[in-house]
Amino acid sequence: MPTVVSKFLSKSETALNLNRRALSGAVVAAALFAYTYKVAYPLLTRKNDVNINNNLVRRTIQNGLKGNGPKRHRLRNTIPALNLQFILQFIKLARIMIPSVFCAEIGLLGGHTTFLFLRTFLSIYVANLEGAIVKYIVRKEPKNFIKQLMKWFAVAIPATFINSMIKFLESKIALSFRTRLVEHSYQLYFKNQSYYRVTVLDGRLDNCAQRLTDDIETVASTVSHLYGQITKPMFDILLMAIALANLVKSRNANLITGPAIISGVVIFSALVLRLVSPRFGQLVAQEAEKKGYLRHVHSRIVSNAEEIAFYGGHKVEQSQLRSAFRILAQHMEHMFGVKLWFVMLEQFLMKYVWSGTGMIVVSLPILLASGPGKAPTAKKLINLPILSEEPAVATVAEGEVYDSVSERTHYFTTAKNLLITGSNAVERLMSSYKDIVELAGHTARVANMFTVLEEASQGIYHKTLVEKKEKCGDFEIEFKGDQPLAKGKLIVSSTNEIILKNVPIVTPNCDVVCPSLSVELKPGQHLLITGPNGCGKSSLFRILSGLWPIYGGELHTPKNSMFYIPQRPYMVIGNLRDQIIYPDTATDMINKQVTEDDLRKIMRLVHLEHIVERDTFHQVKDWTDILSGGEKQRMAIARLFYHKPKYALLDECTSAVSIDVESFIYQTAIDMGITLLTITHRPTLWKFHTHILQFDGTGAWKFEELNANNRLTLKKEKEELMKKKSTQETIQRLNELNKLLGEDH
């Protein structure tokens with residue numbers, strides 16, 4: 001490289017007709033100016049760097065932190081960094097990862113610490129051994145050289161074992177920490193249906209799946225790595241300082257000068273790095289957010305591949321993927337640019353400045369040694385057994401000259417190795433600050449996820465509302481800040497009745513679909529629910545099932561007595577038996593004393609016995625792709641017959657089933673004593689219901705007994721009028737019939 005630079009300067013000197021010394025000075029000055037500008041740039045633009053390519057953080061600051069206090073204070077609390085908020089969040093996670101003093105993690109940490117301590121002792125021993133080897137080479141003593149070399153190879157066996165055990169225990173600790181965090185997160189994720197609530201009712205968690213997987217893994221592995229990265233350097237610094245003090249004392253040199261110089265340089269370096277350090281915590285949090293969004297776009301394409309293929313929407317999806325990746329790539333380029341100059345400054349200070357300082361400190365006991373070089377008689381500050389071997393002292397009488405070339409070489413080599421190990425330890429400690437700040441970004445995401453899951457399980461939600469509609473009719477939503485208050489009461493019914501008293505139907509976005517609904521339904525009263533699209537039919541099922549909060553009135557429902565079947569049934573991972581008994585397990589099935597013969601009878605009732613004969617109950621397949629739409633709906637009905645609940649919430653659940661099979665299924669459910677609450681547009685199912693709840697789409701409703709024959713007559717009249725020519729009379733009559741039937745125009 002110097003040759004290339006020299007040739008470049010020579011050619012430039014000839015071409016530009018300039019003095020070579022002036023040209024070299026200009027090049028060096030330009031390089032120093034560019035470097036200084038790049039180092040100072042993050043410090044000068046720190047205030048503006050917060051808003052670069054970070055719309056999510058900006059919305060968080062504007063919407064989620066509208067409390068009191070100066071803007072700078074709120075901003076400091078928002079960005080992940082090494083602050084009080086991070087410490088509290090880390091303590092919360094640490095209590096999860098290490099639940100007690102007598103847990104397995106404490107044993108792993110203890111073993112890891114022991115091996116780290118042994119590794120430090122070996123480093124000191126190897127440094128002293130290397131100095132002895134060089135000394136005997138200078139003295140030309142082959143026997144002693146071979147002896148020390150044999151010790152070198154002998155120590156390699158325990159050294160390699162200790163190094164391997166350190167890495168092994170670090171991996172074990174990371175896995176153990178991750179297991180604790182995953183178990184805790186799964187417990188919160190499935191507590192009180194939090195997995196549904198954080199997705200639909202709460203808007204604080206973006207890409208929860210990434211936090212449950214990647215972020216937890218990163219936190220566990222980083223904490224495990226940081227423990228060794230901090231503990232080992234502390235041992236190194238302590239023991240290396242003692243060993244260096246013993247060496248300096250053996251040279252009758254000053255013990256204060258060297259440590260003072262080293263401490264001053266280290267403190268100066270730390271202040272400079274702290275001053276120009278970028279906000280790594282914020283950058284890491286943004287990177288995780290953008291990676292999560294890219295993964296979210298991919299998952300949407302996988303989940304909706306058929307619909308996208310039917311529409312031919314590959315161009316739109318491809319552009320969205322490219323856009324998501326481009327945002328991530330731009331952010332990573334920004335991170336690389338920030339890290340480039342910071343790492344350059346870090347390496348300059350820690351590698352070259354520290355190395356030069358170390359050379360000065362190591363040479364001081366030789367250059368400025370006190371006395372004429374007599375044999376040392378002073379005792380060591382602290383006796384380290386691994387440094388007790390000093391063959392030169394045994395061969396030199398007291399008062400004789402003790403300053404031969406070999407002894408100085410021995411001292412210099414040993415001191416240099418110890419100082420290099422100590423400087424590397426200080427470098428790892430200072431570099432760990434950057435890792436801790438990066439850890440703060442992932443810690444904030446995981447701790448925030450735990451907080452949101454805990455609050456969601458308790459019914460506490462925070463969601464950004466597009467528009468606050470506080471009043472609709474006689475019902476008014478009460479808000480606390482920006483969030484609505486669910487003031488309704490949920491009461492367990494002891495008589496197995498469903499009673500709604502002035503219960504409003506309100507969506508998670510606070511759209512009041514129906515201001516007040518009052519219905520009393522007893523077992524055996526089968527309810528037909530009709531109305532135009534968006535009138536609140538499916539929303540009523542979500543309220544009855546406890547998925548949505550109740551913002552007013554009282555709801556009386558029997559406990560664990562409802563079974564919901566949607567239009568698109570969910571097929572679980574497992575065999576055919578698992579599809580029927582879901583959400584029960586095989587153990588639950590045995591406890592209920594249900595046999596496979598009973599399951600075969602159920603499959604016969606829903607006309608799916610051919611699947612049992614073809615695949616058996618124990619065949620594991622991808623049932624979502626294997627079964628047709630009608631077969632999946634009948635499989636969901638088989639679950640209903642297996643569980644035999646008191647109430648069945650049927651939301652267009654037989655739309656892909658033939659009319660004759662559908663009628664047989666409904667009649668079978670009634671014969672089993674299951675009360676039906678059905679949303680359907682098929683007139684053939686009216687005869688299976690005794691009452692009707694009819695919404696008009698404007699918030700009004702009507703609950704009455706159902707006269708199926710009369711309703712069929714009105715339906716037939718409507719079909720005949722639709723075949724006739726449109727006149728004012730026919731249009732008026734059709735409107736009346738639509739209102740009576742509760743159907744769309």
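Values as computed for the structure displayed
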read-out: Hydrodynamic radius of the range 608-670 per Kirkwood, over alpha carbon pairs, in Å; value: 12.8 Å
read-out: Computed lengthening from Lys739 to Gln347, 0.36 nm per intervening residue step minus Cα-Cα distance; value: 133.2 nm
read-out: Gained length - Val101 relative to Asp615, 0.36 nm times residue gap less alpha-carbon distance; value: 179.9 nm
read-out: Scaled radius of gyration (Cα, divided by 2.2 N^0.38 Å) that the range 304-345 gives; value: 1.89
read-out: Thr675 long-range amide H proximity, modeled H, under 5 Å; value: Gly524, Tyr647, Ala648
read-out: FRET efficiency, 1/(1 + (r/R0)^6) with R0 51 Å, evaluated for Arg295 and Phe479 via beta carbons; value: 0.90
read-out: FRET efficiency, Asp625 to Ser655 (Cβ-Cβ, R0 30 Å, nearest 0.05); value: 0.90
read-out: Approximate spin-label separation Gln458-Gln320, in nm, with each point projected 7 Å along Cα-to-Cβ; value: 3.6 nm
read-out: Normalised convex hull volume, the range 653-744, alpha-carbon set, Å³ per residue; value: 120 Å³
read-out: Paramagnetic reach from Val492 (point 7 Å along Cα→Cβ, amide N under 12 Å) across the range 543-564; value: 557-561
read-out: Added length on full extension, which subtracts the Cα-Cα distance from 0.36 nm per residue, Lys716 to Thr199; value: 181.8 nm
read-out: Rg [Å, one decimal], Dmax [Å, integer] - the range 603-710, C-alpha atoms; value: 16.0, 50
read-out: Ordering of 589-595, 129-135, 85-91 by packing [mean C-beta count within 10 Å, highest first]; value: 129-135, 85-91, 589-595
read-out: Residue pairs, from the table Lys501/Lys644; Lys489/Lys559; Lys290/Lys434; Lys522/Lys687; Lys487/Lys702; Lys559/Lys632, whose Cα atoms sit over 23 Å apart; value: Lys501/Lys644; Lys487/Lys702; Lys559/Lys632
read-out: Phe153/Thr585 FRET efficiency (R0 56 Å; Cβ-Cβ; nearest 0.05); value: 0.45
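Read-outs throughout are calculated quantities, based only on the coordinates presented, and are distinct from any laboratory measurement. Since we're looking at a predicted model, the values are computed, not measured. In this analysis, Cβ positions are derived from the backbone assuming ideal geometry, glycine residues included, and neighbour counts consider all displayed protein chains.
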